[in-house]
1. Of all residues in the stretch A:263-316, which are under 23 Å from A:Ala359 (Cα atoms) and small (Gly, Ala, Ser)?
2. Within the stretch B:144-151, is even one residue under 23 Å from B:Ala98 (Cβ atoms) and among the β-branched types (Val, Ile, Thr)?
3. Can you name every residue in the stretch A:240-254 that is surrounded by 16 or more Cβ atoms within 10 Å (Cβ to Cβ), over 17 Å from the mean Cα position of the chain (by Cα) and in a helix (DSSP H, G or I)?
4. Taking the stretch B:39-53 only, how many residues are away from chain A (no Cβ under 14 Å) and either under 22 Å from A:Ser328 (Cβ atoms) or not in a helix (DSSP H, G or I) (or both)?
5. Hey, any hits in the stretch B:63-72 for a residue that's more than 25 Å from B:Met203 (Cβ to Cβ) and free of Cβ contacts under 8 Å to residues at least 12 places away in the same chain?
6. Please note which helices (runs of 4 or more DSSP H) are completely contained in the stretch A:275-360 and include at least 3 residues that are of a type outside the set (S, T, N, Q) and touching a strand residue (DSSP E or B) at 6+ places or on another chain (Cβ under 8 Å).
7. Is it the case that some residue within the stretch A:254-263 is of a type in the set (S, T, N, Q) and in contact (Cβ under 8 Å) with a residue 12 or more places away in the chain?
Amino acid sequence: MRNQILCLSLAGLAVAAGCSKSTPTNNGGSGPVASGSTPTFSLAWSEYPSWSVFGVAHEKGIIDGAEGKRGPIEEKWGVDIVLKEADYDTCLTYYGSSETDAVCITNMDTLAPSLSRASVAILPTSTSVGADACIAAGIDNLDGLKGKPTYGLEMSVSQYCFERNLELQGKTIADYPFKNMDPGAAAQAMQTNQAEIESIMVWNPFVLQTLRTRDGAKVIFDSSTIPEEIIDMVVIGKDALAKEGGEAFAGAVVEAFYEINKMMADSATGDETLIAIGQKFSSLELADMKEVVKQTRFYGTPDEALALLTSEKFQNETMPQVSSFCESHGIVASKPTVGFNKDDAQFNFTTKFVEAAKAK
Amino acid sequence: MIRQPVQLRTRIVISALSILAMFVAYEAIAMRQSRINPKQTVVPGITSIWDGIQKMTTPNSRGETWLVEDVKATYGRLLLGLGLGIGLSIVIGVAMGAYPWVEAFFVPAVSFFAKIPPTAMLAVYFVLFGTKTEMFVAMVGLSVFFTLAQSIYQVAKKDVTDHSVFKAYSLGATSLEVIYEVLWKQILPRVIESIRLQIGPAMVFLIAAEYVVGDVGIGYRIRIQSRILNMNVVYIYLVMLGGSGLLMDWSLTQLRRKLCPWFGE
């Protein structure tokens, strides 16, 4: 009896923390035979527009996320990619404990694990241009928000975006309290008209969902004021990259990403691909998904990715700013060294694999 | 031969060895992880746990100490919730055991809700109780109430024979006297035992709720700190949870022994 209750409540915990799902199983498509000598690498991903791309790549059969099975891209590169789908926070733990070789993660969240596991960003996938928003009900502007708590996930891109916007508008951060709450729960509280939750800072799909569900909910500001500061990426451990086949794995991941992007750009397959991406992402419909990919702008081609990675502003302003934020908020005890095409940096952005994809 | 008794001294030595074994096993796992990655913080060695202790006991810039704030918040919510839940379930449970019409009224709701983990209906708690202390207290209180009311009414009904009830009536007792002197006193040790078994689940629900909506508390701290891989802090909180659970368990067993010595072990 007691065990049953514990089990149930653990299940409840999992539900509450965000629905986590197990690794996707075989899609029944092409089934190349497993080979003992093929190096195997894992990629942990969570549901997010530009990361669900990998789930879709598996569904479309261009890669096979099951262990021991390979799709055409994996055959070409001679690696076996194992996809591990989990809740975002769980992905961070997987990566930090070396349970996965690569992970879908934001630039900000990479700083903390890179202190203990040297990390290489191989591919920027998207940037938030409005996908993170501060939504209030019954408050019209920033002045009205003064002194009232905003609820969102502490020590995350939400808090970063919140404080950056205050800074840009010349406000004192201390005047705008930020209180911790899971974004899903905060959105739920706002949507059920909780009196004490007047303002929340959340990401998509909660932004769209809340604006649609709660009458009078209004965006006070969003991440469109800080384009290319919140970057969604694929990061691989330096240790994994150095293993035999590590670079081939990175190449295969990058190619799979651009393949799906080509499908999205193609008018014949675009809508269908977008629906596939949106399917598990809060089951948003096509019209909503079109809005979502505007707010989460994809780096759909190698050129767009290179433009970001070689941008002076990103290298010399954004990343130092993000590092300082992490240090002052206790996310990291000391700043890791961040480099661009610098192999000895603890957190290295490399253009190598994107350039290789471009050269093809 | 089974059940061969051991001397107290031997027993203490064996228990001490078991605790030592836990430490050795932990350190072994930590060392194995460190061989994979020397800078890992996921299973920190026992020495770096000390850093964690300092982090949680040093006041921050706002003069708040994590440990103090979190312990006050979590145990405050727990005790308040337990108090309300236990009080209510004793009143309703005993009434259900004593009066079949009360039983008929409460049984459907009580036995139904006893099976639903409150964390799975967090949204309902939001709507009913908001997102502040009231919600945590309600969650603990109600999770305890439904299960405990059910077990109390069952012992009140089954463990007290009709024989002793009617005997008390024929000796001239009023209904209230029968309930207090006969029914309550006989079921008290079982009630304490049921309460003891409810503390674990109540704590699990509370931590899960804090994990999602808390801005202070043990569940909140565990989530935020594990997100940035400060596991040395997380593990101390886990040890604390284990320790406080043991302490509450032991206190209730002692209370039962003191209040109901006739009940035996």
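1. A:Ala265, A:Gly300, A:Ala305, A:Ala307, A:Ser311
2. Looking through the stretch B:144-151, at least one residue is under 23 Å from B:Ala98 (Cβ atoms) and among the β-branched types (Val, Ile, Thr).
3. A:Ala240, A:Leu241, A:Gly246, A:Glu247, A:Ala248, A:Phe249, A:Ala250, A:Gly251, A:Ala252, listed by residue number.
4. Taking the stretch B:39-53 as the starting set, the residues that turn out to be away from chain A (no Cβ under 14 Å) are B:46-47, B:49-50, B:53.
From what's left, either under 22 Å from A:Ser328 (Cβ atoms) or not in a helix (DSSP H, G or I) (or both): none.
Summing the residues that are away from chain A (no Cβ under 14 Å) and either under 22 Å from A:Ser328 (Cβ atoms) or not in a helix (DSSP H, G or I) (or both) in the stretch B:39-53 gives 0.
5. Initially, the stretch B:63-72 is screened for residues more than 25 Å from B:Met203 (Cβ to Cβ), giving B:63.
In the following step, the residues that additionally are free of Cβ contacts under 8 Å to residues at least 12 places away in the same chain were identified as B:63.
Taking every residue of the stretch B:63-72 in turn, at least one turns out to be more than 25 Å from B:Met203 (Cβ to Cβ) and free of Cβ contacts under 8 Å to residues at least 12 places away in the same chain.
6. On the way: elements: A:286-295, A:302-309, A:319-328, A:352-359.
Fully inside the stretch A:275-360 and qualifying: A:302-309, A:352-359.
7. Yes, the conditions are met somewhere in the stretch A:254-263.
So that you can scan it fast, the table gives a plain yes or no per residue for (1) within 14 Å of another protein chain (Cβ to nearest Cβ); (2) under 24 Å from A:Thr127 (Cβ atoms); (3) assigned to a strand (DSSP E or B):
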residue: A:Leu166; (1), (2), (3): no, yes, no
residue: A:Gly170; (1), (2), (3): no, no, no
residue: A:Gly184; (1), (2), (3): yes, yes, no
residue: A:Ala189; (1), (2), (3): yes, no, no
residue: A:Leu208; (1), (2), (3): no, yes, no
residue: A:Ile220; (1), (2), (3): no, yes, yes
residue: A:Asp232; (1), (2), (3): no, yes, yes
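The values are calculated or read from the model by the stated rules, or taken from the named source; none is laboratory data. As the structure is a prediction and not an experimental result, all values here were calculated from the model. Heads up, the Cβs are rebuilt from the backbone with ideal geometry, glycines too, and the neighbour counts pull from every protein chain shown.
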